[in-house]
Amino acid sequence: RKTDGRWLATLPEHANWLNMVKAVPEDVLDAAAKEYWLTINSVQSVDVPDAALTGYLLPWEGGKVVSLSGSVSHDQWIPSGNAHYAFDFYISGTMFPVVASKSGTVHMIRESVQNYDDSDEGNYIVLRDTETNTYQLYLHLAQNSVPDDIQEGDYVHQGDIIGIADDTGQSTGHHLHFHVTAGIYSYT
C-alpha cells in the first residue's frame with residue numbers, strides 16, 4: 001500500500017495481513033485468488049488423530065535416489081503452520097513419477113496449471129484415507145500428468161502412479177510437496 005509517497009509491504013506473518021488481502025480491489029486480485037490467500041494463512045481447528053499415522057510408503061517408485069529439500073522450513077513461507085509437517089522431495093533437475101504413499105479415495109484433482117505459472121499453488125492430487133479421515137496432498141504436479149483413468153471419487157491403491165512431480169505453482173524447481181493433513185482446506 002502506498003502511503004505518503006512510500007510503499008508499505010504487508011506479508012502473511014503480519015497481524016493485519018488478512019485485512020489487507022480483503023481490501024485489495026477485485027481488478028488487482030480476483031475473488032478466487034483472494035480466497036486462496038485468505039484460506040492458506042488462516043488457522044483452522046481440525047480433529048487430529050490420537051495416535052501416530054502409519055502405513056505410508058515414500059511417494060516414488062523403489063530404487064530411485066530422491067533428496068529432501070524442505071520440511072518444517074515451510075513455516076517461513078506459510079506462517080499459519082498449515083504446512084509444518086510437509087516434505088519437499090526432488091531428483092536434481094528431473095521430473096519423476098509420483099506414487100500413492102497410501103491407498104485412498106481421490107478427493108480432489110487439479111492439473112490445469114502450466115509450468116512456470118507461479119500465480120497460485122499449482123497442480124495437485126489429494127487422496128482421502130477414510131480410516132483416519134486424513135488427506136494426502138501431492139503438490140506441484142506436471143500439467144495433465146494424472147493418469148486419465150483416475151478421477152475424483154476413484155479408489156487408488158498404494159504404489160499406483162498418480163502423477164509426475166514438476167514445478168507448477170509456487171515452486172523454484174522440479175519437486176514434490178507431500179504432506180498428510182486432517183484439514184484439507186488448510187492448504188489447497
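Annotations
- Applying both filters, DSSP loop and at most 14 other Cβ atoms within 10 Å, to the GluC sites (Glu not before Pro) of segment 92-172 gives Glu131, Glu152.
- Using the average count of surrounding beta-carbon atoms within 10 Å as a protection proxy, the listed peptides 137-144, 94-101, 22-29, 157-164 rank, highest first, as 137-144, 94-101, 157-164, 22-29.
- Inter-centroid distance (Cα atoms) of segment 51-67 relative to segment 131-181, Å: 14 Å
- Under the Karplus curve 6.51 cos²θ - 1.76 cosθ + 1.60, θ = phi - 60°, whole-Hz ³J(HN,Hα) for segment 157-165, x wherever Gly or Pro sits: 8, 3, x, 5, 6, 10, x, 10, 5
- FRET efficiency for the pair Gln143 and Asp50, taken as 1/(1 + (r/R0)^6) with r the Cβ-Cβ distance and R0 = 41 Å, rounds to 0.60.
- Charge tally for Arg128 (other residues, Cβ to Cβ under 13 Å; Lys, Arg +1; Asp, Glu -1): -3.
- Estimated FRET transfer efficiency (Gln114, Ser69; beta-carbon r; R0 25 Å; 0.05): 0.65
- Sequence-distant lysines (8 or more away, or on other chains) whose Cα lies within less than 22 Å of Lys64: Lys102
- Phi angles of segment 135-144 translate, via the Karplus equation with coefficients 6.51, -1.76, 1.60 and θ = phi - 60°, into HN-Hα couplings of 10, 9, 9, 10, 10, 6, 6, 5, 4, 6 Hz per residue; Gly and Pro are given as x.
- Here the 3J(HN,Hα) profile of segment 121-127, calculated from phi with Karplus coefficients 6.51, -1.76 and 1.60 at θ = phi - 60°, is 6, x, 8, 7, 9, 10, 10 Hz, Gly and Pro shown as x.
No lab work stands behind these numbers, since they all come straight from the coordinates. What you see is a predicted model, and the numbers here were worked out from it, not measured in a lab. Cβ atoms come from the backbone with ideal geometry, glycine included; neighbour counts cover every protein chain shown.
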